[in-house]
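Everything below concerns the one structure shown next.
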Amino acid sequence: MQLRRILGIKGDLLVTIASEGMVSDAVNIMSERDIGSLVVMSQGSMVGMLTFREVLQALHHRNGSIQGLRVDAIMVKNPRTMASEVEVD
């Protein structure tokens with residue numbers, strides 16, 4: 001199956017947050033939209049991904065608080081990408 005087909009099933013909505021955004025805002029966006037990740041953008045380019053995994057790790061390491069924490073402090077930087085024609089098994 002091509003990645004293009006998977007994305008067609010998933011839909012074309014891309015939900016993003018700025019790298020300098022607050023993690024608390026990211027959690028609100030993910031909760032309201034019932035999604036588990038956000039694409040992190042800076043100056044029109046993707047610079048990272050933020051998932052609930054990173055948020056949970058931050059909560060653990062910060063004794064349950066994400067107050068004042070920026071997205072770029074915990075995001076996965078420069079995630080791998082691939083062309084939509086790639087076969088995915």
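The values are calculated or read from the model by the stated rules, or taken from the named source; none is laboratory data. Keep in mind it's a predicted model, so treat the numbers as computed, not measured. Reconstructed Cβ throughout: ideal geometry from the backbone, glycine too, with neighbour counts over all protein chains shown. Note: areas computed on protein heavy atoms with side chains; ligands, DNA, RNA excluded. Shrake-Rupley method; radii C 1.70, N 1.55, O 1.52, S 1.80 Å.
Below, the figures for the structure above:
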item: Yes/no for VAL27 being in contact (Cβ under 8 Å) with a residue 24 or more places away in the chain and either of a type in the set (Asp, Glu) or in a helix (DSSP H, G or I) (or both); result: yes
item: Matching residues, the range 62-85, being open to solvent by 100 Å² or more (accessible area, probe 1.4 Å) and of a type outside the set (D, E, K, R); result: ASN63, GLN67, ASN78, THR81, MET82
item: Residue count for the range 25-47, restricted to those that are of a type in the set (Ser, Thr, Tyr) and surrounded by fewer than 11 Cβ atoms within 10 Å (Cβ to Cβ); result: 2
item: LEU50 being modelled with pLDDT of 95 or more, surrounded by 10 or more Cβ atoms within 10 Å (Cβ to Cβ) and under 29 Å from GLU87 (Cβ atoms); result: yes
item: Members of the range 56-78 found to be part of a helix (DSSP H, G or I), over 10 Å from the mean Cα position of the chain (by Cα) and under 18 Å from ASN28 (Cβ atoms), listed by number; result: LEU56, ALA58, LEU59, ASP72, ALA73
item: Number of positions in the range 30-47 that are touching a residue at least 24 places away in the same chain (Cβ under 8 Å) and at positive phi; result: 0
